[in-house]
Each structure stands twice: as C-alpha cells, then as structure tokens.
Amino acid sequence: MNWTRGKNTLLLAAQEHDNWDNALSLAASILKRGGLVAFPTETVYGLGADALNETAVRKIYEVKGRPPDNPLIVHVAAAEMIEQLALTIPEEVYILGEKFWPGPLTVVLPKKARVPDITTGGISSVAVRFPAHPLAQRLLSITGIPLAAPSANISGRPSPTTAEHVMHDLAGRIEAVLDGGDCAVGVESTVLSLLSEPPTILRPGGITLEMLQEALGKEILDLTVDSAGETFKSVPLSPGMKYRHYATNAPLYLVEGEEEARWRQMTVLAEHFSKLGSRVGLLIFKESVNSLEAPFVEILGSRREHSEVARRLFDALRKLDAMEVDVIIAEGLEDIDMGKAVMNRLRKASTYILKAE
Ligand code: TXA
Ligand code: MG
C-alpha cells in the first residue's frame, strides 16, 4: 500500500483503483474502532466517524473546533441505512433519491432516538446524504455504518477540496486521510429540509431550487436568499449558519455589480491598499485579467463556467492565504444556478460586501 505519515496522520493514497482495497480496509478498521478518517466526496472532503458512536462523534467537534450546536450530516450508502436513522421517511425522499442520489443533496428528516444527540447538535432532526464519490460509497459499504462527516477543515476555514487541504488543517489530529484526488463539485451539498411543507432549502449547492421543484412538481422555499435573491449574511436558518464560514486569514472585500463599475471599484480598493503597503490579492475571473492588476492574483476560470468556478473556489481562497496577502479583493458572480452556491460561499467568506454602481 502507498502511504505516508504526516505528524502521525496516515495519508492513504487511493487515487487509483489498484490502491483502493488496502487503503479502504485500513480506513474502515479505524472507523469501526471509533477513530476519525477524512475521505473524499464529490463535493468536499468529509471528516468521518461512526455516526452512532457518541465518543467518536465527540472527537469530530473537538478536532474541528466546531460549536457543539452545529449538527453533522450523516452519510449513507443505501436506503436501509436511512431507515436506521429517520423516524419517518416522506415520499419526497424516494422521489428525490431516485433522481439525485448518489449526489450532492442532503435532506433533513425527523431523527430516531438511536442517533446520538451529539451527532445532531442536540436537535430532533437528522441530515442525511448519499454521496456519489466511489471511495465514499465503498467506505460506507465496507464499514456498514452510517458516517457522520462535516467538511474536513478547521471550523470557520474554507472547506477542503484536496487531501492536502485536509492535511494542512488536521494533520496530527486525526488518524487518517483517504486521498482520492480533487473533488469534482467543489462546494458542499444542497441542504433541503423536509420537516415542513413546502420543503425549504437551508444551504444552496449543486442541486438547484429549479431542479428540486421540477423533480417534486411543487414549490420549494429558498430560505437562504432575501427577496432580491441575495444571500442573507446574518439570519441563521440551519444551526451552523450563525457562525463565520470559509474565512481566509486576510479580510475579504467582495465587490458586486456591473462589470465597468465593479472593475472601477476594485481598482480603487487595490490602489488604496497598495499605498498603505499591504500585500493585495485578487480573486477574479478570466474575463477580468486585462482590466485588473495586483501583485497576487487567483483566477477562478471563466465567469460563465459556474461549475468550474465552484470546483476551484476553496482552493483559490487557500492559495491566497498561502501567499500571505494582507487583503483579498474578490469579484462577484451572477446569482443563477451554481453561481448561487458560489455567491453564498463568497458572501459568507467576506468581511465586507460592496455594491459597485
Ligand atoms: O457536501 C457536504 O454536505 C459535505 C460533505 C462532506 O458531505 N459536508 C458538509 O458538512 O458540508 P458540514 O458539517 O460542513 O455542513 C453541514 C450543514 C451545516 O450548515 C449544518 O448546520 C447543516 O448542514 N445541518 C446538519 N444537520 C442539520 C439539521 N438536522 N437541521 C438543519 N441543518 C442541519
Ligand atoms: Mg463545513
């Protein structure tokens, strides 16, 4: 087996099919003994523990520095696993599961008593998801246990989309990381609550409001945006939402608005901070490279390719941190389809939001 040890955390190479079996069986045995293993999903890397083992789950909160009232998503690989966790399974779960599972959709359901309170941050519902990544699925089926897995980052930091990101945050604090390469989606799953009627989106992601409405043939509420369609920055809907998220070390100025006005505003900011002697970092799209300038630049690809932008976002935030910039000036995107999930993350990551006019 191909593995290395980083400050006592095993990095298990599993990018190629040949390596899988040994890496997976070691990861599974650690999980069954109540240990923590980070593993790839199609969205971001998750920090896994046996969802029904209170002691194991408690360690997740400890190593992440996660507030105890922020519930975890429980990952499953079969419908029977959901039956172990949820008190009732509404018809919608089967319709949505048929269409979007395995994939980046999480549903919130009333929980059974056997799911420890710590797993759900003390509330009476449980969030479940059936991930699409083949390594995640194999891990779930080999262990046969539902895995509680929040994003495998230190709480408040950008979510991890590579094994290196996980090692950066958690090496020495967890038993192992299963390295499955880069995550394909790059932002976390859509969280949909089925506790009320109509169902409500608690976090936007790869499965959009339109896709959910079409599948269910009825209205769905998106509680994450205001009437102008913009992300609420301060209204906590899900217990986790009241905490700062995706934060870079440097303050992030997010500039929204039409192109010309946006570029003008970003240039003013960049010049202002340069004059103060700050190391200025830009987070921009390919279309802006000839119009904006700064010593440190991360390009998220074309602003028309929302999926690619989503895939690169967290890595770009972490790269700007690694460049030790003093300030980040980021450019906004249209709030449509996957752009909505991207803007949700960027607005939460931001210290200031400016509407350029
Ligand atoms: O794509 C994902 O969902 C990734 C991968 C690893 O699966 N996981 C992830 O987990 O993003 P985490 O813990 O970083 O985010 C879980 C979100 C939080 O905002 C939390 O408050 C919400 O889901 N959540 C979990 N259980 C909930 C519940 N019972 N009711 C309402 N919100 C819940
Ligand atoms: Mg997270």
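Some observations on this one:
- Scanning the stretch 130-182 for residues that are of a type in the set (S, T, Y) and away from ligand 2 (no atom under 16 Å from the Cβ) gives S141, T143.
Residues are listed down the side, and each one gets a yes or a no for (1) at pLDDT 95 or above; (2) under 20 Å from the mean Cα position of the chain (by Cα); (3) outside the structural domain of M323 (by TED's automatic domain parsing):
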| position | (1), (2), (3) |
| --- | --- |
| A176 | yes, yes, yes |
| C183 | yes, yes, yes |
| S189 | yes, yes, yes |
| L192 | yes, yes, yes |
| L216 | yes, no, yes |
| T231 | no, yes, yes |
| S234 | no, yes, yes |
| Y243 | no, yes, yes |
| I284 | yes, no, no |
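- Options V93, V107, V76, V57; residue that is aliphatic (A, V, I, L, M) and more than 20 Å from G205 (Cα to Cα): V57
- A38 meets the conditions (1) open to solvent by less than 30 Å² (accessible area, probe 1.4 Å); (2) assigned to a helix (DSSP H, G or I); (3) of a type in the set (G, A, S) in every case but one. The failed one is (2).
- Residue ID - most open to solvent (accessible area, probe 1.4 Å), chosen from residues in the stretch 101-139 that are among the β-branched types (V, I, T) and more than 22 Å from I30 (Cβ to Cβ): I123
- Subset of the stretch 295-315 (residues that are in contact with a Leu (Cβ under 6 Å, 6 or more places away or on another chain) and within 17 Å of R279 (Cα to Cα)): V297, E298
- Qualifying residue in the stretch 48-58 (condition: within 8 Å of ligand 1 (Cβ to nearest atom) and either open to solvent by 10 Å² or more (accessible area, probe 1.4 Å) or touching a residue at least 60 places away in the same chain (Cβ under 8 Å) (or both)): no
- Long-range neighbours under 7 Å by Cβ, at least six apart or interchain, first residue in contact (Cβ under 8 Å) with a residue 60 or more places away in the chain within the stretch 61-72, second of a type in the set (S, T, Y) and open to solvent by less than 20 Å² (accessible area, probe 1.4 Å): P71/T120; L72/T119
Quick grid of which residues meet (1) within 8 Å of ligand 1 (Cβ to nearest atom); (2) small (G, A, S); (3) in contact with a helix residue (DSSP H, G or I) (Cβ under 6 Å, 6 or more places away or on another chain):
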| site | (1), (2), (3) |
| --- | --- |
| K99 | no, no, yes |
| L105 | no, no, no |
| V108 | yes, no, no |
| A113 | no, yes, no |
| I118 | no, no, yes |
| V126 | yes, no, yes |
| H133 | no, no, no |
| Q137 | no, no, no |
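- Within the stretch 197-211, not a single residue is within 16 Å of ligand 2 (Cβ to nearest atom), in contact with a Gly (Cβ under 7 Å, 6 or more places away or on another chain) and not basic (K, R).
The values are calculated or read from the model by the stated rules, or taken from the named source; none is laboratory data. Values in this document were obtained by computation on a predicted structure and should not be read as measured data. Here Cβ is always computed from backbone atoms with ideal geometry, including for glycine, and neighbour counts include all displayed protein chains. The protein model used for the area step is the full one, side chains on, heavy atoms only, and it has no ligands, DNA or RNA in it. Shrake-Rupley method; radii C 1.70, N 1.55, O 1.52, S 1.80 Å.
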